[in-house]
Amino acid sequence: MGPHPAVAAIRLAVRRTLTDLAAEAGTTFTAPVREPRERPAGAPLVGAAVGTTLIGNAARHPSGLPRTPAAPGSPLVLVAVSGGADSMALAIAAAFEAPKIGLRVGAVTVDHGLQPGSADRAAQVAERLRSLGLDPVEVVPVRVGRSGGPEAAARDARYAALDEAAERHGAIAVLLGHTRDDQAETVLLGLARGSGSRSLAGMPAQKGRYRRPLLELDRAATRQACSAQAIPVWDDPHNCDPAYTRSRVRHEVLPVLEKHLGGGVVEALARTARLFRDDADALDQWASLAERDLRTGEGALDAVKLAELPPAVRRRVLRRAALRAGCPAGDLFARHLEAVDLLVTGWRGQGPLHLPGGVEATRRCGTLVFRRQGD
Ligand SMILES: Nc1ncnc2c1ncn2[C@@H]1O[C@H](COP(=O)(O)OP(=O)(O)OP(=O)(O)O)[C@@H](O)[C@H]1O
C-alpha cells in the first residue's frame, strides 16, 4: 500500500525543492545503490562517490525512513521546525527525500523563551527530529526584543537565529513550513493594511537561502500527514491566541469569509498572491530601467521626465533612489514617498525633505537629488 495521499503530496513538493537545490549545489545525482553485503567493521555507511546514497538493506526507522544519511560532506539542508504540524510534516518528508537526492538534512528549533517550559518543549521536538534521522539538530535559544510588536520581534529574532545557524553549518538552504493557508492570511493582512502589490504578493517560494516547499498545499494536509505517520505535533498556543492579529485572521476572519463568500477563498487569495507577484516583478523591472534612463548624476534624477511616468513606476523609482542614498528599507514608508512624489508632481518650491537615515531629497533646476547629510 502506498503512503497516505497527504504524505505523498508533501513528499512530492519537498522532492521538487530538494532536486532544484541539489542541481544548484552541483550534487551528483546517483540512483540509490545497495549497501555492500560485506561491510568491514567500522567502515562508514557511504557510497564510493559523493552524493551516492545507500538505502538498500540499511537499518530502517519504524516510520519507514531510511536510517542511512547521505554521505558526510554532502550539501546540507536545514529545516526550521517549530514542532507544529506544518514544519514537522516538512521535516519528515525532507528526511525521507533528501538522502535519495544526495543531500543531508538537519533541523533548527528556535526557542523564543516566551512561554514557561518552552526550553523543554524545544528539546522534545529536537529529540523527535533526531529519532527521525535528521542530523544535525539543534535548539537555538533567542532573546525576543520589543521593536515592532510581539509577532514582528519574535520573527526578527527567529530569522537572525536561522541565518546564524545556516552560516555556521554551511547549509545550502533553510526550508520553512508555510502553507497556502499562511499565504492567504498574509494577503488578507496586507489588504487590511492598505499595502501595495509587492506586499499583496505574499511570501515568495524562494528568497535568498529560504525555501517554502509547502506553499501550494493546504494546512490540513500537514495535519493529516503527521497523524498518518504517527508524528506527535505541538500546537503553539500563540496560534490560537486572539491577542495576535494573524490568529484572529486564521480563526475568525477566514472562516467567516469561507462561509459567506463560498468555499475556495483560501485558494483564491493564494492565486491573488501569485498574480500580484507577477505584476510587482514587471513593475520593478520597468522601474529599474526607468531609473537608469532618468539618472543625471550621483543620486540625481530628471524630475520632468519622472513626472511623465505612471505613478506605480514613479513611486518605485523614488523608493529605489531613496534606498540607494541610504534610507533604511524598514523605515521608509508610503507617507515619505508621497512627500517625495510631490516634489515631482506638485512642485511649489517646497523642500528639502528629511527622510529616514539622514537622507535629504531636494529639487533643484528640474533635478531631484537624494543625498545623505554629511556625504
Ligand atoms: N520556533 C521556531 N523554530 C524554528 N522554526 C520556526 C519556529 N516557528 C516558526 N518556524 C518556521 O516558520 C514557519 C511558519 O511558522 P508560523 O508560526 O508562522 O506558522 P505555523 O502554521 O505555526 O507553522 P508550524 O505548524 O510549522 O508551527 C514554520 O513552519 C517553521 O518552518
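The values are calculated or read from the model by the stated rules, or taken from the named source; none is laboratory data. Worth saying up front: this structure is predicted, and the values here are computed from it rather than measured. No Cβ is skipped: glycine too gets one built from the backbone with ideal geometry, and neighbour counts run over all protein chains shown. Remember, those area values only see protein heavy atoms, side chains included, never the ligands or the DNA or RNA. Shrake-Rupley method; radii C 1.70, N 1.55, O 1.52, S 1.80 Å.
Key figures
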quantity	calculated
Selection from the range 355-371 of residues that are out of contact with any Cys (no Cβ under 9 Å at 6 or more places or on another chain) and at negative phi	Glu360, Ala361, Thr362, Arg363, Arg364, Thr367, Leu368, Val369, Arg371
Single match in Ser87, Ser63 (criterion: within 23 Å of Ala161 (Cβ to Cβ) and either open to solvent by less than 60 Å² (accessible area, probe 1.4 Å) or at pLDDT 95 or above (or both))	Ser87
Unique residue being more than 15 Å from the ligand (Cβ to nearest atom), in the same structural domain as Gly117 (by TED's automatic domain parsing) and exposed (fewer than 13 other Cβ atoms within 10 Å of the Cβ) when the list is Pro237, Pro255, Pro232	Pro255
One residue from Val340, Val359, Val317, Val369 being at pLDDT 95 or above and under 22 Å from Asp281 (Cα atoms)	Val317
Every pair of residues 6+ apart whose Cβ atoms lie under 7 Å, when the first sits in the range 236-251 and is of a type in the set (D, E, K, R) while the second is outside any helix (DSSP H, G or I) and surrounded by 15 or more Cβ atoms within 10 Å (Cβ to Cβ)	Asp236/Ser82; Asp236/Gly84
Single condition Arg363 does not satisfy, out of (1) touching a strand residue (DSSP E or B) at 6+ places or on another chain (Cβ under 6 Å); (2) among the charged types (D, E, K, R); (3) in contact (Cβ under 8 Å) with a residue 60 or more places away in the chain	(1)
Any chance Glu127 is over 15 Å from the mean Cα position of the chain (by Cα) and either more than 9 Å from the ligand (Cβ to nearest atom) or among the acidic types (Asp, Glu) (or both)	yes
Out of Ser147, Ser118, sole residue that is in contact with a strand residue (DSSP E or B) (Cβ under 9 Å, 6 or more places away or on another chain), modelled with pLDDT under 95 and of a type in the set (Ser, Thr, Tyr)	Ser118
Helices (runs of 4 or more DSSP H) contained entirely in the range 278-375, each with at least 2 residues that are open to solvent by 90 Å² or more (accessible area, probe 1.4 Å) and not assigned by TED's automatic domain parsing to the domain that holds Leu200	311-325, 334-345
